[in-house]
1. Within the range 19-43, take every residue that is among the small types (Gly, Ala, Ser) and not in a helix (DSSP H, G or I) and give me the one that is surrounded by the most Cβ atoms within 10 Å (Cβ to Cβ).
2. When the residues of the range 107-150 are narrowed to those that are in a loop (DSSP other than H, G, I, E, B) and closer than 14 Å to Thr8 by Cα, which ends up least open to solvent (accessible area, probe 1.4 Å)?
3. Do we have any residue at all in the range 11-18 that's among the aliphatic types (A, V, I, L, M), more than 24 Å from Gly130 (Cβ to Cβ) and in contact (Cβ under 8 Å) with a residue 12 or more places away in the chain?
4. For the range 90-97, state whether one or more residues are touching a Gly at 6+ places or on another chain (Cβ under 7 Å), closer than 16 Å to Leu6 by Cβ and hydrophobic (A, V, I, L, M, F, W, C).
5. Quickly run through the range 151-167 and pick out the residues that are assigned to a helix (DSSP H, G or I) and either surrounded by 15 or more Cβ atoms within 10 Å (Cβ to Cβ) or touching a residue at least 24 places away in the same chain (Cβ under 8 Å) (or both).
6. Of a type in the set (A, V, I, L, M), modelled with pLDDT under 95 and not in a loop (DSSP other than H, G, I, E, B): does that describe Leu170?
7. Going by the conditions given, is Phe95 of a type in the set (Phe, Trp, Tyr), under 27 Å from Asp145 (Cα atoms), in a helix (DSSP H, G or I) and modelled with pLDDT of 95 or more?
8. Let me confirm something: among Leu93, Leu65, Leu82, which residue is crowded, with 22+ Cβ neighbours inside 10 Å and without any contact (Cβ under 8 Å) to a residue 40 or more places away in the chain?
Amino acid sequence: MSKVVLVTGGARSGKSRFAEGLADAYAPLRGYLATGEPGDAEMADRIARHQGRRGPEWQTVEEPLEVAEAIRSHEGRFNVMLLDCVTLWISNLLFRCPGGAGEALAQVASFAGSFASLQTPLIIVTNEVGMGIVPEHPLSRSFRDLAGEANELIAAAADEVYVTISGLPLRLK
């Protein structure tokens, strides 16, 4: 069984930088599983910034939907894998799964259930989205709820959990 670490926090809180720092403790080659897609210029810029922080010790695997399968198919290829991020993954699932939030949550539950069989250490980044006001739009509320439930499932199955606030990590588990 391999170690699984979850890093959560708000937008621009330093989650990805902290997670990359955790991964840097492992020898190269490191795998970066990216779930984001450059749908607009702002997102393309975010992706480019993330890529710019990583050097040749990292290999990027882009997979917006089949995250668990991508991790399984790369088992043993890397010394550590970093999944960034769960909230983009579930957003992709929410819009593409015929079963909506229920189907997306089932995929997250299956993913979390696979942690015990992993051989490669896994660091997972997610966003904490439920600490603000209740969203006005039903789809936004559905996403907020899905993200909260997904984070709960993953945190329960992870070996360690951190939250980052203003660039500072706090160990929760």
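1. Step by step, filter the range 19-43, then rank; the result is Gly31.
2. Among those residues, the one meeting the criterion is Thr126.
3. No; the residues of the range 11-18 include none that is among the aliphatic types (A, V, I, L, M), more than 24 Å from Gly130 (Cβ to Cβ) and in contact (Cβ under 8 Å) with a residue 12 or more places away in the chain.
4. no
5. Across the range 151-167, the qualifying residues are Asn151, Leu153, Ile154, Ala155, Ala156, Ala157.
6. no
7. No.
8. Leu93
The values are calculated or read from the model by the stated rules, or taken from the named source; none is laboratory data. Every value quoted in this text rests on a predicted model; they were computed, and no experiment measured them. Reconstructed Cβ throughout: ideal geometry from the backbone, glycine too, with neighbour counts over all protein chains shown. We work out accessible area using only protein heavy atoms, side chains counted, and drop any ligands, DNA or RNA first. Shrake-Rupley method; radii C 1.70, N 1.55, O 1.52, S 1.80 Å.
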